[in-house]
Structures are given as C-alpha cells and as structure tokens.
Amino acid sequence: MDKLLRVSYSPHIHGENSVPRLMWGVIASLVPAFVLSVLYFGLGAILVTATSVLSCVLFEYLIQRFIMKVPPTVNDGSAVVTGVLLAFCLPATIPLWLVALGALVAIGVGKMSFGGLGSNPFNPALVGRVFLFISFPVQLTSWPLPMGFKTKLVDAATGATPLGVIKEGLLNNQQVPPLMDDIPSHMQLFYGNMNGSMGEVAAMALLLGFIYMVVKKIIPPVIPLTILGTVFVFTGILWLANPESNADPLFHLLTGGVMLGAIYMATDYVTSPMTKKGMVVFGVGIGVITVLIRRFGSYPEGVQFAILIMNAFVPLINSWFKPKRFGEEVQHG
Amino acid sequence: MLKTFAKGGVHPPENKLSASRPIESLPLPQTVSIPLSQHIGAPPAPLVQKNDQVKTGQLIARGEGFVSASIHSSVTGKVVKLEEVMDAGGYRRPAVTIQVGEDEWMPEIDTSPGLIKEFDLSGKDIIEKVKEAGIVGMGGATFPSHVKMSVPRGKKAELLIINGVECEPWLTSDHRLMLEKGEELLVGIRLIMKALQVEKALIGIENNKPDAIEHLSGLCLGEKGISVVPLKVKYPQGGEKQLIKALTAREVPSGGLPIDVATVVHNVGTAFAVYEAVQKKKPLIERVVTVTGPSVKKPCNFLVRTGTPVSHLIEAAGGLPDDTGKIVSGGPMMGKALNSLQVPVTKGTSGILILPESMSVRKPVLPCIRCSRCIFVCPMGLEPYLLMTLSEKKMTEKMEKEHVMDCIECGSCSYICPSNRPLLDYIRLGKAQVNQLIRSRKK
C-alpha cells in the first residue's frame, strides 16, 4: 500500500452549517418584507436597497483588499445582510448618496475598524443608521406616504410616523385616544400601511421572516420573544395605569422599528449574548430602554439606541451568565 | 416521549448501512500483531519469546497491578517478532507478532455454540474470571472491566446500565450483537449484576434500532430486574454520563464517576465478553467490527480476532475504494484516523470507517461569529468557543476555572460550528496544558 491517508483528530464529519448558509438564510427570510416595501414605496425601495447592499459589499471588499490587505470575504453574505438591514431602516425617498455614506460608516466604522466579521461590538447596520439619523435628521425623518409606485422619489408627500404623531401630540398636551383617529387601524399597521422606514413597517412580513428563521434554526427565538414580550408588558402597564397619555401595547409592537430591531438587529450573532440566560437579560434590557425612550425620551422611537446600548453590555453579560454545567449542582468529594 | 439526556447533543446523519448484515467470521490473516497495551492503564510484560509456539487463547502477557488487563493469543502459530507496532492512535506500542497456523484452541476453552445459563460462581469469582480473560470496556475507552465491576469501599452500586446505544453514526457492531447474541448477553448481564450485587439492570437502546429493542424486550420478559429502555436518537447518548442522565435523571458530579450516583455502565460488547469468559472460559480474543463507508462495496460486520491488520478487514469488505481519503478506527465523531493499513484490530476497535477524499478534508476556518451553537450543543454545559480562545492564548488557569477538564471530547462543538473552527482540537491542547498544571502543583 503506497496510498497516503489523511490523518486528523476527531470529529471526522461536519454538519451542514456554514456562515454563508446562515447569512443567505437571513437574506431569504427578508424577502417578504422587501416585497411589501416595494409595494408600499415603489421604486425608491428598490433603489435604496440596491445602493445600500452594493455599497456595503464594495466598501468591505475595498477595505479588506487595500487597507487590511487580507483576502476579501464578501461572499460570506454578512455584508449583504448589513446592507439590506441598513436600507430597511431608512426612508424610501432618502438621497442615494446618503445611503452610500451610511453604508461606509456601517461597514468601515461599525465592522471593519474592529477587525471585520465576528469582532465588532456594535451592530454595523445600526451604527450606520444612527450616524445618518444624528447627522442628517431632516432627511432621515421625511417619511413618505405608502403610495406604491406613485411615491415620488423627490418632493414626495411626507408625514409623521404613527409614533411621531403620538409624541408630537403628547408634547402639545393632547390626549392619546383622539390622536389615534389620525393613525391607521391596528390591522393596517400589521400590514405595514403607514409612514415609516421602508422595511420596518410591515410587521406581518417581518414575523413571517422570524418564523422562517426559527424553523430553519438560523436563530433561536429567545431574543425577539423577550424584547417583544417586554415591550408589550411594559407599555401594557403604562396603558392600564393611564390610557389618556399612553398608547396601547399592540400599537407599540406594530409601529416603529421594534419588529425589525427585535427580529433582525438584536439577533445579530456577533453582537448578542452567547447563552440563553444572557439572551433573556439582553432582550429585557432592550425592551425596557425602548419603552423608556419612546415614552419619556425626546425621540419618538428608541429601538436603535436601546440595541446599541445593550450591545455594549454583551461582554459583561457573557461573563456573568454562564450555561448550567452538567454535574455542577452535586458537590463531589 | 422517549427518554434522552437533557442538555446539548447533535444528530448527525445515521448512515447505518451495515445494520442488516449478519455477523460473519472473518477468515484468519497470515500474521497477527497483538499489542500488549490494549487498555487504559499499565502495559503488561510479554510471557512469550521469539519462535515460541502459542495456541489460540493462550496467555501471552499478564496484567500487572489492579488497573491492567491480560493479553491472550488470538491465533495458533509461531511468535515471529516482539517489536513495536503502530496503534490506532499513531503511537508505537510493544506487540507480539504471530505467524498464523492451524487454529487450535486451548483445551479448557469451550468452543461449542450451546448457551449455558446456569452459574454458581460467587461475585468475587466472576470478577476474577473477567480479570483472567483480559476483558476491557469494548465501547472504545478500553478501561479494564474487572475494575469497574469491583465497587470501591464506601460506595454502593444500585443499578447496572448496559450501553446498547451505539450513538456513533455508521457503526452497527453492537446492534448486530444485540440481535444475534441476545440470550448470551442477558446471561452476561446477570453475571455482572451478581458481581456488583445489584438487583436491577437497564439496557439503553436508541430508537433507530427497533428490531434490537423488540428482540431484547422479548427476551427480558422472563428476566426479573432486567429491562430495555428505548431512547430518542441523540449523540453523544452513548457517553456514560449522558446515558445515566437519560435513564435515571441522575447527574454524575463534575470530576466524579458513575459509582458516585450508584450506577455502573458496561457496553453490550463487554457484557457478551463476560458471558464468554465466565461460561465458556474464553478470553477476549475476538470482537465484532463494522467495516463501512460511503464507497465501501460490501459494508459488513465481522467477527475479528484481535491483532488482525485493518487491511485484511478492508479486503474482505470489497477492497479499498479508489476515492479513499481517510480511514477511521471507530466512529466518525470520536474515532481515530489511521495512518497505516497495517494497524491491528484491538479490543476497543468497534468499526473501520472508510471516508472518501471529499469527506476527509476540513473546510476552511472562518472567524467565530459567536452564534452560540457550540454552547447549545455541548452536553457538558461548557463554552467551547471560550475554551478555544483561552487555549490559543495559553491561559491555562482560566481554562481550568472554566472547567475544561469536564469536556468528554464528543466533538459536537466542532461538528456544529458554521465557521468550521477546530474547537475540539484546541480544547484537547488546553486539557493537556491544564493536566500539566495540575501535575506541577502536586510536586
């Protein structure tokens, strides 16, 4: 026998999982939300998404190739996910150069400056989003009306988001129940028929994506469920205590970025805790901070900040909340 | 709901290709090389010299000390060499090489096929016979069985667990043994129960072997205290600690042994060997070995004499496939990759798995994306990603604090990792570092 054999340590087989497979799975789960956002906001949704994805991939490639001088790994799909998620939390009528700028910050500052995939402490898409939100508040809060392909790309008819309507009204000493008349019904909110970021509006489509990811075992359901549960319970308590100045809990779940944030932003593997216990703490933290900002802060929406704040706690959560070891309870010898 | 262990685990494709192939006796090879160290513990010294004639079943090395096992000649013939041979782990071990002649068994061994049910030996005598026969754990760990059958002072055994799980994909040797040697197996279990002085024995079998479950359950009807428990298919259920958890909900404490929760676990192969040793006076010189793989022409279960070179088994299974990349002794999850076809079958060889080149190459390693999958599948509740990082950075004390020594090396973490990270390889290195640290403290 002169055949050379390969030798390695066990295990000698590997599961079907791979990073690209997981990332493309996330992208597949975003298709329903993308289709609905095109239906609501027309060509703008396609242009913003395409610009964001292409910019993220291009910037990651250029940074890896020319600055980090490592073999580019853009085909792992992670830059595409960042691109789609960044686009989804922008208004569909935003100038495209701002989208590209956001992508540069998301990939360049949010991800590659820490060393690339797996090393970033903050969710890259949210870093890009918050950068744009703080630097260009006017463009970032001009929400087009959902008019499908009739939505104009410039000078479109805009209006406040449902959360904005409530916030504005409360600041002007109005009460919540009459304000609700200016807001689409809960069913319409569930379909996503409202002013808002292009991919955030359709709770229905995002929940579909969530179910797909859980069934395909791409993400465990812990984080989204705890965030949504915490928001529901916290806003529910406020609403029961004082329905005059608080919107109902279902309204809070269906509006703003809480669905997109809970399902896609907070579940980012790299920037979320490692154990189930840690995930619960993380999710409750995001839920509580979101409601605090929505109700008592100066911004109508707080999910983006809540997730970034909790991202910063992840290393601590990881060292505090360990999995329960086999045989740890019984003291030996 | 079928029972299983609570924490972690994976379910690789089962691929039990050889499950319906009856056990065949493999024709004897021209030479056998019998390693003198086929167990965990001290290696015994040889009792034979070059050119000696030996008979099948003759003692050729006596186990010295308590944790050691005797070695017997598996064939009749002339000792031609007393040299080192490569074992499955890649280490050179002293071995006796015998040129095979006409098969002539030692006269005291009963080679008739009849079932002998009655026994009047005391527990102590049974343990002595098991020790004389050189029986070791046949699931792969090869710990001398008489040691596990002697309950240490101050401890008490309540329950015997027989491991018929065979959770490794591809392997079917235990499965076939349960189907074909069920009655002998039950006598073997009775013998071990007597030695341990326990009244109750459970046979754990995964649900992917319904024929074995049905067969043994039927045989158990007349047996007081012995019953079969079907288990949900999940790797690594054949791990001692996981099997005890699945069957009794007891957790062996960290750093402890099954006897700490009043249980003792033996493999079905071991129980059968105990039967043969006690009732037939036959030492452990042959065992069932599965030869299988995606491109193997004739996946088989062979009854093989120890010392037979792996090449002989592969020939009998239709020859080495052209696309062979890796040959594994044992199962795909915990087996050892062989670097030579001349490696001999030993008491712990449960299977020979021949993998094609396409399944032999590891995929490129990507950065850890902290997806937590390694934590979710770890049956011991450890954090493999963290242990790997600590091992890379040689942070030995921190590794010890993170309980790296609890790792059972099942490989679930490396199996599941989407970034193809060599988690278990680094954890093994880490365990060696921690071992060194512990030894240096004792000095």
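The values are calculated or read from the model by the stated rules, or taken from the named source; none is laboratory data. Just so you know, these numbers come straight off a predicted model, no measurement behind them. Cβ sites come from the backbone with ideal geometry, for glycine too, and all protein chains shown count toward neighbours.
In table form, for the structure just shown:
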read-out	value
Selection within the range A:44-79 - within 14 Å of chain B (Cβ to nearest Cβ) and of a type in the set (D, E, K, R)	A:Glu60, A:Asp76
Matching option when the condition is under 26 Å from B:Ala249 (Cα atoms) and either surrounded by fewer than 24 Cβ atoms within 10 Å (Cβ to Cβ) or not assigned by TED's automatic domain parsing to the domain that holds B:Cys167 (or both), among B:Glu402, B:Glu397	B:Glu402
Among (1) closer than 25 Å to A:Thr73 by Cα; (2) within 8 Å of chain A (Cβ to nearest Cβ); (3) outside any loop (DSSP other than H, G, I, E, B), the one test that B:Cys374 misses	(2)
Residues of the range A:9-41 classified as within 11 Å of chain B (Cβ to nearest Cβ), surrounded by fewer than 24 Cβ atoms within 10 Å (Cβ to Cβ), farther than 24 Å from A:Val105 by Cα and not charged (D, E, K, R), total	8
Residue match in the range A:260-268 (condition: free of Cβ contacts under 8 Å to residues at least 60 places away in the same chain, within 14 Å of another protein chain (Cβ to nearest Cβ), surrounded by 24 or more Cβ atoms within 10 Å (Cβ to Cβ) and closer than 20 Å to B:Tyr385 by Cα)	yes
Leading residue by the ranking (farthest from B:Pro332 (Cα to Cα)) among those in the range B:5-30 that are surrounded by fewer than 19 Cβ atoms within 10 Å (Cβ to Cβ) and more than 14 Å from chain A (Cβ to nearest Cβ)	B:Gln30
Cβ pairs under 8 Å, 6+ apart, first in the range B:226-241 and within 11 Å of B:Ile408 (Cα to Cα), second surrounded by fewer than 21 Cβ atoms within 10 Å (Cβ to Cβ)	B:Pro236/B:Ile408; B:Gly239/B:Ile408; B:Glu240/B:Pro258; B:Lys241/B:Pro258; B:Lys241/B:Ile408
Boolean, B:Ile427 is at pLDDT below 95, farther than 30 Å from B:Glu315 by Cα and more than 7 Å from chain A (Cβ to nearest Cβ)	no
Counted residues, the range B:38-89 - those being in a loop (DSSP other than H, G, I, E, B) and among the basic types (Lys, Arg)	2
Top-ranked residue in the range B:311-345 [being surrounded by fewer than 24 Cβ atoms within 10 Å (Cβ to Cβ) and β-branched (Val, Ile, Thr); ranked as nearest to the other protein chains (Cβ to nearest Cβ)]	B:Thr324
Failed criterion for A:Ser245 (all others in (1) over 17 Å from the mean Cα position of the chain (by Cα); (2) within 14 Å of another protein chain (Cβ to nearest Cβ) hold)	(2)
Check on A:Arg6, among the basic types (Lys, Arg), on the phi < 0 side of the Ramachandran plot and facing another protein chain (nearest Cβ under 9 Å)	yes
Selection from the range B:230-255 of residues that are touching a Gly at 6+ places or on another chain (Cβ under 8 Å), part of a helix (DSSP H, G or I) and more than 10 Å from chain A (Cβ to nearest Cβ)	B:Leu243, B:Ala246, B:Leu247
Tally, over the range A:306-333, of residues that are at pLDDT below 95 and within 30 Å of A:Phe251 (Cα to Cα)	0
Flag if B:Pro418 is in contact with a Pro (Cβ under 8 Å, 6 or more places away or on another chain), surrounded by 17 or more Cβ atoms within 10 Å (Cβ to Cβ) and either within 9 Å of chain A (Cβ to nearest Cβ) or touching a residue at least 40 places away in the same chain (Cβ under 8 Å) (or both)	no
Breaking point among (1) crowded, with 23+ Cβ neighbours inside 10 Å; (2) aliphatic (A, V, I, L, M); (3) more than 7 Å from chain A (Cβ to nearest Cβ), for B:Ile408	(1)
Residue check, B:Ser217 out of contact with any helix residue (DSSP H, G or I) (no Cβ under 9 Å at 6 or more places or on another chain), closer than 25 Å to B:Gly9 by Cβ, surrounded by fewer than 24 Cβ atoms within 10 Å (Cβ to Cβ) and assigned by TED's automatic domain parsing to the domain that holds B:Gly293	yes
Given (1) under 30 Å from B:Val10 (Cβ atoms); (2) in a helix (DSSP H, G or I), number of the condition A:Ile218 does not satisfy	(2)
Test: A:Ile227 is part of a loop (DSSP other than H, G, I, E, B), hydrophobic (A, V, I, L, M, F, W, C) and within 18 Å of the chain's Cα centre (by Cα)	no
Search result, residues across the range A:293-333 that are loosely packed, with under 14 Cβ neighbours inside 10 Å, aliphatic (A, V, I, L, M) and either under 14 Å from A:Thr230 (Cα atoms) or within 12 Å of chain B (Cβ to nearest Cβ) (or both)	A:Val330
Lone qualifier among A:Met274, A:Met279, A:Met310 - being assigned to a loop (DSSP other than H, G, I, E, B) and not charged (D, E, K, R)	A:Met274
Answer residue from the range B:381-394, given it is surrounded by fewer than 24 Cβ atoms within 10 Å (Cβ to Cβ) and part of a loop (DSSP other than H, G, I, E, B) and is nearest to the other protein chains (Cβ to nearest Cβ) among those	B:Gly381
Residue match in the range A:130-145 (condition: over 21 Å from A:Gln304 (Cα atoms) and not hydrophobic (A, V, I, L, M, F, W, C))	no
Meets criteria (under 17 Å from B:Thr306 (Cα atoms), in contact (Cβ under 8 Å) with a residue 60 or more places away in the chain, outside the structural domain of B:Val274 (by TED's automatic domain parsing) and touching a strand residue (DSSP E or B) at 6+ places or on another chain (Cβ under 9 Å)) for B:Val54	no
Subset tally (residues that are assigned to a strand (DSSP E or B) and not aliphatic (A, V, I, L, M)) for the range B:95-115	3
Hits in the range B:1-37 (condition: assigned to a strand (DSSP E or B) and touching a Cys at 6+ places or on another chain (Cβ under 8 Å))	B:Glu24
Residue among A:Gly115, A:Gly44, A:Gly108 that is surrounded by fewer than 24 Cβ atoms within 10 Å (Cβ to Cβ) and either under 18 Å from A:Val201 (Cβ atoms) or at pLDDT below 95 (or both)	A:Gly115
In the range B:124-143, the residues that are touching a helix residue (DSSP H, G or I) at 6+ places or on another chain (Cβ under 9 Å) and either over 16 Å from B:Val278 (Cβ atoms) or outside the structural domain of B:Ala271 (by TED's automatic domain parsing) (or both)	B:Gly137, B:Gly139, B:Ala141
